[in-house]
1. Give me the extension gain from V153 to N13: residue separation times 0.36 nm, minus the current Cα-Cα distance, reported in nm with one decimal.
2. Relative to the compact-globule scaling 2.2 N^0.38 Å, provide the ratio for the alpha-carbon radius of gyration of the chain.
3. By how many degrees, between 0 and 90 and to the nearest 10, does the Cα long axis of helix 298-307 differ from the longest principal axis of the chain?
4. What's the local net charge at H224, with K and R +1, D and E -1, over the other residues with C-beta under 13 Å away?
5. Roughly how big is the chain's charge dipole about its Cα centre, with Cβ charges of +1 (Lys, Arg) and -1 (Asp, Glu), in debye to the nearest 20?
6. Tell me the angle of helix 319-333 to the major Cα principal axis of the chain, expressed in degrees between 0 and 90 and rounded to the nearest ten.
7. Go through A121, W259, T289 and say which Cα lies farthest out towards the positive end of the charge dipole of the chain; charges sit on Cβ, +1 for Lys and Arg, -1 for Asp and Glu.
8. Around G404, under 12 Å between beta carbons, what's the net of Lys plus Arg minus Asp minus Glu among the other residues?
Amino acid sequence: MANQVQLGAASINITPSVGTWMGGYSGRDHGATDIHDDLYAKVLVFSDGETKAAIVTCDLIGITEESTASVRGLVEEQTDIPGSHVMIACSHTHSGPTTREWRYDAPFNDAYMHELERKLAGGVQVANRRLQTVVAGLGTGSFPLAVNRRLTVDGKTRMQANPEGVVDRTVSVLRFDAEDGTPFATALHYACHSTSMGASNYAISADYAGGAKAFVEHTYGGDHTAAFLLGCCGNTRPNFTSDGRSFRSATFEELESVWRGLGAEVVSVRESIDCAPLEGVAVASREVTVPIREVPDVSFYKEALEKEVWPDTGERISRDSLKWVRNRVAEYESDSLLLDPKAEIQVIRVGNLVFASFPGEIFIEFGMAVQERVKAELGLDALHVELANGMIGYVPTAEAIPDGGYEVMAYRHGSQTPSGYSGDAEKIFVDTALELAHETAAAGG
Ligand SMILES: [Zn+2]
């Protein structure tokens, strides 16, 4: 059959050494002291004989635009896959290595990052050599882990469990079999922060997705590859609480129970999926400018530095945020503020499946809108993917911004911009993903 899709898969161990500084929580004060479970990059390379695309899924907090460019450069050198056809997506585990400079005191893991970039490109090279014709199908189940983590009470928004808040507990499963029906690879998709393990954990772990992937791989045996795609989950996280509201860390016993439960759900869904040939691979991406909210006068930040208290909220400023403020003040003074930040939005279509990715921590509502509209406008199934090809921080919905809270204000320690993203970002992100999905659908195959 013309243009029938081939798939190659590879699994690369990317576990950092004990001692490596971990990413995600600012409260940690030393490097990793143990390894609970290994971190992996699971690579899927798709080809229709004319167009190829690679999806590299990583047990990492995120990946910078610079590291993405470096991996893409290596992929171009080593394979026939264009760099722009590579999607690097991360699980957002908060128990893995830092992948960028962010802490006031943490050494940057540059030796690890150099090796990581070579490993990710190597994974694409390996998967690209293993291409074989596959049949595929999509199925869905459900898993009761995610909860909305923005609770607004009396006008104050806290990071607490909000059972009434928007959440999507769907587990999407992609089944890929050889033409004779032999199980070949699986991809699972879930939209929930990988923050089961809290800041007190110093053991490297892939969090909830890690052991679930391993469960699926053990079930199918051989070199079956299970990849995890993180859906937009800027405002959802695992529902481990101490009192129904206040979040706490899971224990590793609880995490391992999640692995078995989620892994079993994936296997159960996978078994029920009917497979069919996939036709055509197409890729489209675009760089958009992400609008930011009003930028305060430099005096606001100077006062913040001097008093070590935020002038608007009265809250104490952490050492990490003080470093951030100092950097911004220097930019005001050298007239080099980043006022027009960019984001790469990328869509890969494989047969009737669309992978739509964003480079930050995107609220679940964006992903649900993309999925619904791709289905309604194109009749295709979409999986939304966040923290891919860059990490630009939290991108909240327009509706959430007036409520404030962690995700709306998080730019004050992690962003390159002197203000947070404006509510206009939501429409730009969703509309651009849709336009790109239309482009890939029109690309034929
Ligand atoms: Zn996050």
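1. 46.0 nm
2. Expressed relative to 2.2 N^0.38 Å, the Cα Rg reads 0.94.
3. 70
4. That sum, taken over residues with Cβ under 13 Å, equals +2.
5. For this selection, approximately 560 debye.
6. Roughly 80 degrees between the two axes.
7. Of the listed residues, the answer is W259.
8. Net charge in that neighbourhood comes out at +1.
Only the coordinates and a few stated rules stand behind these numbers; no lab work does. These figures come from a predicted structure and were not determined experimentally. Cβ: placed from backbone, ideal geometry, glycine included. Neighbour counts: every protein chain shown.
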